[in-house]
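K.L.:
Have a look at this one.
No value in this document is a laboratory result; all are computed from the given coordinates. These numbers were taken from a predicted model, which means no experiment stands behind them. Virtual Cβ from ideal backbone geometry, glycine too; neighbours counted across all protein chains shown.
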Amino acid sequence: MRFNMAKDVYEKYIFAGKVAAKAREYGVGLLKSGASYLEIAEKVESKITESGAGLAFPVNISVNEIAAHFSPRHDDKKLALKKGDVVKLDLGSHFEGYIADTAVTVEIGSNKYHDMIKASSEALENAISIIKPRISLFEIGKTVEETINSYGFKPINNLTGHSMQKYVLHAGMTIPNIGDKSYKTKIKVGDVLAIEPFATDGAGFVNTGEGSNIYLCKNFFNPRLIRDNRARIIFRRTKDIFKTLPFAQRWFENQFSNSDILLKKLSFLGMVKHYPKLIDANRGIVTQREHTVIVTERGCEVIT
């Protein structure tokens, strides 16, 4: 055992983390003015799979006021980065279900938001520095909030980090980015956590926008209420392919024809969830930084 975790499980997390970190750095090199969202997403996802890992979720390319949850469609040929864009590149890999989740923010061709990028990065570093067994989630959130406030920005209070388990990206534990005393849970040895501070010059909370092109098969619905036999067949095949992890419209298109019609039908029937874009309520610029950590006896190990 290591960190209250079986050695083989630990090694799978470490492998997933190394793949995710390399893919993140590779992705940063692709973030340039004129670069296609679709090409960036496909190249980063290919880097993950070519490294021997699986995709834990679609590559997110969330720009400016969009804090999270956007991935390009399969036919998104025109959408491209431009000078001044503040780009959050959020990606995840897994090995046999053990997930590593990481994100970085890059400003394209300018330096206007350097301090805000630094605020979210330093908030992450400071949060990681205090993580140890039995520290409360409140203390982590308080550290994030105080760090971001010290730069003159706001944390986004309704976006959080999360715990992860095998094939489960959001496993139940929520890691706040504000010092909310209602977060009394204390972390323990062996917990796997994605810590992800968001900083903004906007409202400090997000609203939902249009669809993100990111989907998830639902676990809870009554199949006897679904009379459409083709929908049941498509859902079973989708669940077999993507399991309990989020998937992209692009990936679904590769498996099925008429993907838009099918996804709308599955969403209407309550069989899949379509994630919304998450946008700062005042359309302020948003920055993000994220690492995955394993809680150890004396602190934590960053695996990404």
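K.L.:
Considering only Cα-Cα distances, which of the following residue pairs are longer than 32 Å: K77/K166; K12/K132; K83/K218; K7/K154; K154/K239; K186/K218?
P.N.:
Checking Cα-Cα distances, K77/K166; K83/K218; K7/K154; K154/K239 exceed 32 Å.
K.L.:
Give the calculated FRET efficiency between Y167 and D115 to the nearest 0.05, with a Förster radius of 45 Å applied to their Cβ-Cβ distance.
P.N.:
About 0.75, to the nearest 0.05.
K.L.:
OK, next. With only Lys, Arg, Asp and Glu charged, each at its Cβ (+1 for the first two, -1 for the last two), find how big the charge dipole of region 211-278 is about the Cα centre; round to the nearest 20 debye.
P.N.:
Taking the Cα centre of region 211-278 as origin, the dipole is about 220 debye.
K.L.:
Starting from the 7 Å offset along Cα-to-Cβ, what nm value, one decimal, do you get for the label separation of A80 and R298?
P.N.:
That separation, rounded to one decimal, is 5.2 nm.
K.L.:
Modelling each spin label as a point 7 Å along the Cα-to-Cβ direction, I'd like the S150/E11 distance in nm, to one decimal.
P.N.:
Rounded to a tenth, the inter-label distance reads 4.0 nm.
K.L.:
For the chain, return all DSSP H helices satisfying: extent of Cα atoms along own axis at least 30 Å; mean Kyte-Doolittle hydropathy at least -1.0.
P.N.:
Going by DSSP H runs, the hits are 7-28.
K.L.:
Starting from the Cα of K273, draw a straight line to each of the aspartates and glutamates and keep only those under 20 Å, dropping any in the same chain fewer than 8 residues away.
P.N.:
The qualifying aspartates and glutamates are D90, E210, D228, D240, E253, D260.
K.L.:
Tell me which residues come under 5 Å, amide H to amide H, from G209 once H is placed; ignore anything under 5 positions away on its chain.
P.N.:
It is K277, L278, I279, by chain and number.
K.L.:
Please tell me the relative contact order of region 32-166 in percent, rounded to the nearest whole number, where contacts are Cα pairs under 8 Å and at least six residues apart.
P.N.:
Over region 32-166, the number comes to 20 percent.
K.L.:
Taking the mean number of other Cβ atoms within 10 Å as a proxy for protection, how do you rank 170-176, 88-94, 115-121 from highest to lowest?
P.N.:
Ranked from most to least packed, the peptides come out as 88-94, 115-121, 170-176.
K.L.:
In what order do R237, R227 fall by count of nearby beta-carbon atoms within 10 Å, going from fewest to most?
P.N.:
Fewest-to-most Cβ neighbours within 10 Å comes out as R227, R237.
K.L.:
Positive end of the charge dipole of the chain (Lys, Arg +1 and Asp, Glu -1 on Cβ, about the Cα centre): tell me which of Q165, L137, I234 has its Cα farthest that way.
P.N.:
I234
K.L.:
Out of (i) 29, 24, 19; (ii) 32, 24, 17; (iii) 41, 24, 16, which label holds the value of semi-axes √(5λ) of the Cα gyration tensor in Å that was computed here?
P.N.:
(i)
K.L.:
Right, another one. What dipole magnitude, in Debye to the nearest 20, does the chain give about its Cα centre under +1 on Lys/Arg Cβ and -1 on Asp/Glu Cβ?
P.N.:
1000 debye
K.L.:
To continue, here is another question. Which lysines does K277 reach when only Cα atoms under 16 Å apart count, and residues fewer than 8 places away in its own chain are ignored?
P.N.:
K88
K.L.:
While we're on this one: Note down the relative contact order for the chain as a percent, whole number, built from C-alpha pairs under 8 angstrom at least six residues apart.
P.N.:
24 percent
K.L.:
Moving to a separate point now. Pull out the extension gain between N207 and K239, defined as 0.36 nm times the separation in residues minus the alpha carbon to alpha carbon distance; nm, one decimal.
P.N.:
8.6 nm
K.L.:
Also: Quote the relative contact order of region 211-278 in percent (integer), defining contacts as alpha-carbon pairs under 8 Å separated by 6+ residues.
P.N.:
Normalised by residue count, the contact order of region 211-278 is 58 percent.
K.L.:
Quickly estimate the mean residue ellipticity at 222 nm for the chain, helices only: each DSSP H run with n ≥ 4 gives -39500 (n - 2.57), and the total goes over all residues, rounded to 500.
P.N.:
-10500 deg cm²/dmol
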